[in-house]
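Worksheet: the structure to be examined is printed underneath.
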Amino acid sequence: MQRIERVELTTNFPIGPVNSYIVYGDKLTLIDAGLKNKQGWYELNNGLHRLGLNLSDLEQIVLTHHHNDHTGLVDWILEKNPSIKILAHKDTEFTLKDEGYLEWSSEFFYKLFLEFGLTKDMAAHWAFRKGHRDYFQTAKVDAVLKEGDFVPGLPSFQVIETLGHSQDHISLYSADKQQFICGDHIIKGVHAGMFLDAPKQGSERAKPLLQYLDSLEKCRKLSAKLTYSGHGPIIDNLNEAIDAHINNIEKRTGRVINTMKKAEGAVTGFEIIQDMYRGRYEKAVITFVFEILSVLDLLKEQNLVVGEKINGVDHYRLVNE
């Protein structure tokens, strides 16, 4: 087995700490870099010291995706170790550094949130937060990783694009070692989080839950004895974890259908959220919008739901209802 050490880093998110991994390969590699906060910075340095290491010993960082609880400390690490290299999916740096894209992202989400049924004030607030939440100040991606690549410095690990949680999400699999590093693609005991990224201008938006289900089936073919997740414990039965995620998706889909059955006529996505998550959604509107929108994508794909636009807002109804 390849030696892999886990370091838990504090976040302020409900999911709890994020996992960074130190992989001992031809190059000493850090997988993911936590959320930018003083406690996480202390925990990363302390975790390295427990292993007899310093930041200066790290030779490269591989990012599984661009979310700020996985990339946040990169700039601080670079201040201490400017020679370290950053490896990530081809869209990671674009998503984090292209100022034109960041502005477009806010415009895209403002329109999407209005169409979903949010008020103008809510749409403006959450669109700005989504468009500017994840950002690299100084870091740049030194090497791009794509499907099928073997990771430089970790020659037994091959890149698998596992889209769904984000549009730049990658996982790393070693067939020789039967080890799988999967970022936030599969987390034990936590239902899959679908997060929508703005498409590049002129392109259609992704349907993350459909992508995610395809990615799960891709991973089912792997012979992994140990799976290292971005949050939570190490998984020793990958297919069991995959089945649990599919079961949770089916339950969530059933809840949306039942909510729509209770409604009289067509409903907006926001009305579904208000009914399903009354008293819970206000502090994390984005999370619930992406969750329900992704389920509606799936139900439309299955021809169980149809949508229509009324006064600029998307409304949904069950087929034959």
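Descriptive notes on the structure:
- Test: residue in region 196-206 that is outside any loop (DSSP other than H, G, I, E, B) and either at pLDDT below 95 or crowded, with 24+ Cβ neighbours inside 10 Å (or both): no
- Of the helices (runs of 4 or more DSSP H) lying entirely inside region 88-145, those containing at least 3 residues that are modelled with pLDDT of 75 or more are 99-116, 120-132.
- Scope region 57-67; condition over 13 Å from residue 22 (Cα atoms) and surrounded by fewer than 19 Cβ atoms within 10 Å (Cβ to Cβ); matching residues: none
- Every residue from region 26-38 that is of a type outside the set (A, V, I, L, M, F, W, C) and surrounded by fewer than 20 Cβ atoms within 10 Å (Cβ to Cβ): 26, 27, 36, 37, 38
- In summary, residue 22 fulfils each of the numbered conditions (1) in contact with a Phe, Trp or Tyr (Cβ under 6 Å, 6 or more places away or on another chain); (2) crowded, with 17+ Cβ neighbours inside 10 Å with the single exception of condition (1).
- For residue 24, the stated conditions hold: it is in contact with a Lys or Arg (Cβ under 6 Å, 6 or more places away or on another chain) and modelled with pLDDT of 95 or more.
- Where residue 70 falls short, out of the listed (1) touching a helix residue (DSSP H, G or I) at 6+ places or on another chain (Cβ under 9 Å); (2) part of a helix (DSSP H, G or I): (1)
- Subset of region 9-19 [surrounded by 16 or more Cβ atoms within 10 Å (Cβ to Cβ), within 17 Å of the chain's Cα centre (by Cα) and not in a strand (DSSP E or B)]: 11, 17
- Within the set 245, 231, the sole residue that is under 22 Å from residue 14 (Cα atoms) and in a helix (DSSP H, G or I) turns out to be 245.
- Residue within region 271-289 that is of a type in the set (Ser, Thr, Tyr), buried (at least 20 other Cβ atoms within 10 Å of the Cβ) and either closer than 30 Å to residue 224 by Cα or out of contact with any Lys or Arg (no Cβ under 9 Å at 6 or more places or on another chain) (or both) present: no
- For the criterion of being part of a helix (DSSP H, G or I), surrounded by fewer than 18 Cβ atoms within 10 Å (Cβ to Cβ) and either in contact (Cβ under 8 Å) with a residue 40 or more places away in the chain or in contact with a strand residue (DSSP E or B) (Cβ under 6 Å, 6 or more places away or on another chain) (or both), residue 257 passes.
- Residue within region 68-75 that is touching a strand residue (DSSP E or B) at 6+ places or on another chain (Cβ under 7 Å), surrounded by fewer than 21 Cβ atoms within 10 Å (Cβ to Cβ) and either over 22 Å from residue 190 (Cβ atoms) or free of Cβ contacts under 8 Å to residues at least 12 places away in the same chain (or both) present: no
- Residue ID - surrounded by the most Cβ atoms within 10 Å (Cβ to Cβ), chosen from residues in region 290-321 that are of a type in the set (A, V, I, L, M) and part of a strand (DSSP E or B): 305
The values are calculated or read from the model by the stated rules, or taken from the named source; none is laboratory data. None of the values given here were measured: they were computed from a predicted structure. Here the Cβ is made from the backbone with ideal geometry for all residues, glycine too, and neighbour counts use every protein chain on show.
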